[in-house]
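Asker: A single structure is presented below for examination.
The values are calculated or read from the model by the stated rules, or taken from the named source; none is laboratory data. None of the values given here were measured: they were computed from a predicted structure. Counting neighbours? That spans all protein chains shown, and the Cβs are built from the backbone with ideal geometry, glycine included.
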Amino acid sequence: MQGPGQNFAVARVALDAWAEQGRRTVLPVQGFSMWPVLRPGDQVSIRHGGAPPEIGDIVVIRSATRTVAHRVVACRADPAGWRLQTKGDSNPIPDRGWVGADRIVGVVEGVVRSGRPVRRAGISGGLARLLARLSRIQGIVLFPVTRLLGRVPGRMAAANRQEDKA
């Protein structure tokens, strides 16, 4: 019998192979960190390879135990190429650390909700770049408040904490 870690390892190998082939993948969305653009139950179409992600793009990132779809809010040059700073739209602060190309699974190109394609609003282009900039401001404004309160207010915080445990 396989445990969750073994299943993730198999999925990770498959995603890596697809990325090398330049394939597209469809994955389900879980959690509320990208709400309202991405919602639990949505399916995202991911482009592997191609041009590097830009500010505003939603990227799927691989960590040791899971994959996460978050928005690119900053980019910087690195001796190894480039690094990204990411953040969930509904999270108060950016993710810890910078993400290198080796951890990027792909870029979200489309969303299917309840069996129907969703307009691309907020996924790429000018609106996505605006959301990325507003998201960084949200973190600058909300971070001191959340530190003072010791938590993020509301139901979204509880959902995000549950997502972080997964």
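Asker: Looking at (1) over 16 Å from VAL44 (Cα atoms); (2) part of a loop (DSSP other than H, G, I, E, B), find the lone condition where ILE123 falls short.
Answerer: (1)
Asker: With the checklist (1) modelled with pLDDT under 90; (2) out of contact with any helix residue (DSSP H, G or I) (no Cβ under 8 Å at 6 or more places or on another chain) in hand, flag the one item ALA80 doesn't pass.
Answerer: (2)
Asker: For the subset of the range 80-117 comprising residues that are β-branched (Val, Ile, Thr) and either surrounded by 18 or more Cβ atoms within 10 Å (Cβ to Cβ) or in a helix (DSSP H, G or I) (or both), which member is farthest from the chain's Cα centre (by Cα)?
Answerer: First pass over the range 80-117, keeping only residues β-branched (Val, Ile, Thr): 86, 93, 99, 104-105, 107-108, 111-112.
Checking the rest, the ones that are also either surrounded by 18 or more Cβ atoms within 10 Å (Cβ to Cβ) or in a helix (DSSP H, G or I) (or both) come to 86, 99, 104-105, 107-108, 111.
Values: THR86: 7, VAL99: 11, ILE104: 10, VAL105: 10, VAL107: 9, VAL108: 9, VAL111: 13 Å.
Top of the filtered list is VAL111.
Asker: Quickly run through the range 20-73 and pick out the residues that are charged (D, E, K, R) and within 16 Å of ALA101 (Cα to Cα). If you could, list the steps in order and put the result at the bottom.
Answerer: Initially, the range 20-73 is screened for residues charged (D, E, K, R), giving 20, 23-24, 39, 42, 47, 54, 57, 62, 66, 71.
Passing the criteria: GLU20, ARG47, GLU54, ASP57, ARG62, ARG71.
Asker: Return the only residue of ILE46, ILE55 being under 22 Å from TRP82 (Cβ atoms) and either more than 13 Å from the chain's Cα centre (by Cα) or surrounded by 18 or more Cβ atoms within 10 Å (Cβ to Cβ) (or both).
Answerer: Working: ILE55 fails: either more than 13 Å from the chain's Cα centre (by Cα) or surrounded by 18 or more Cβ atoms within 10 Å (Cβ to Cβ) (or both).
Residue meeting the stated conditions: ILE46.
Condition check ((1) touching a Cys at 6+ places or on another chain (Cβ under 8 Å); (2) free of Cβ contacts under 8 Å to residues at least 40 places away in the same chain; (3) under 13 Å from SER33 (Cα atoms)) across all residues:
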{"residue": "ILE61", "(1), (2), (3)": "no, no, no"}
{"residue": "VAL73", "(1), (2), (3)": "no, no, no"}
{"residue": "ARG76", "(1), (2), (3)": "no, yes, no"}
{"residue": "ARG83", "(1), (2), (3)": "yes, yes, no"}
{"residue": "SER90", "(1), (2), (3)": "no, no, yes"}
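Asker: Condition test on ILE123, is it modelled with pLDDT of 90 or more and in contact with a strand residue (DSSP E or B) (Cβ under 9 Å, 6 or more places away or on another chain)? I'd like the intermediate steps shown before the answer.
Answerer: Details: modelled with pLDDT of 90 or more: no; in contact with a strand residue (DSSP E or B) (Cβ under 9 Å, 6 or more places away or on another chain): yes.
No; evaluated as a whole, the condition is false for this residue.
Asker: Now for a different question. Do you know which of the residues in the range 34-68 that are among the small types (Gly, Ala, Ser) and at pLDDT 90 or above is nearest to VAL118 (Cα to Cα)? Outline the logic, then answer.
Answerer: Let us first name the residues in the range 34-68 that are among the small types (Gly, Ala, Ser), namely 41, 45, 49-51, 56, 63-64.
Now restrict to residues that are at pLDDT 90 or above: 41, 45, 56.
Working: GLY41: 13, SER45: 11, GLY56: 17 Å.
That would be SER45.
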